[in-house]
Amino acid sequence: MGLLKTRWEGKHDGHAVAVYRNELTKGFALDWDGAEIARRSWSWIGLGKLSATADVDGAPVEIDVAITWGGERLNGACVVTVDGKDVPMKLVE
């Protein structure tokens, strides 16, 4: 775990999903298969919501991210949904 950054990772239908937060800039971003597809440059203490669209089997799907209070080691809770389905996310940093 980094002092000023946090990262969660998960998988959806073989696609890698990662959300990372930087407390120095108070922003967070969403990676899909290793490419950043959405970024929020500022949020209150690194909390908030983010939405994006990604390609799954040739069709666009909506991805929603919410970072809220609480979570493991008080790093916040990261909830990701892809096309309305929850993606289990694990705190890795």
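List of remarks:
- Residues satisfying the stated conditions in the range 13-37, i.e. outside any loop (DSSP other than H, G, I, E, B), of a type in the set (Gly, Ala, Ser) and surrounded by fewer than 16 Cβ atoms within 10 Å (Cβ to Cβ): Ala16, Ala35
- Checking each residue in the range 39-58 for being open to solvent by less than 40 Å² (accessible area, probe 1.4 Å), under 14 Å from Val82 (Cα atoms) and small (Gly, Ala, Ser) picks out Ala52, Ala54.
The values are calculated or read from the model by the stated rules, or taken from the named source; none is laboratory data. Remember, it's a predicted structure, so these values are computed and weren't measured experimentally. Cβ sites come from the backbone with ideal geometry, for glycine too, and all protein chains shown count toward neighbours. Quick note on the areas: whole protein, heavy atoms, side chains included, nothing else; ligands and nucleic acids left out. Shrake-Rupley method; radii C 1.70, N 1.55, O 1.52, S 1.80 Å.
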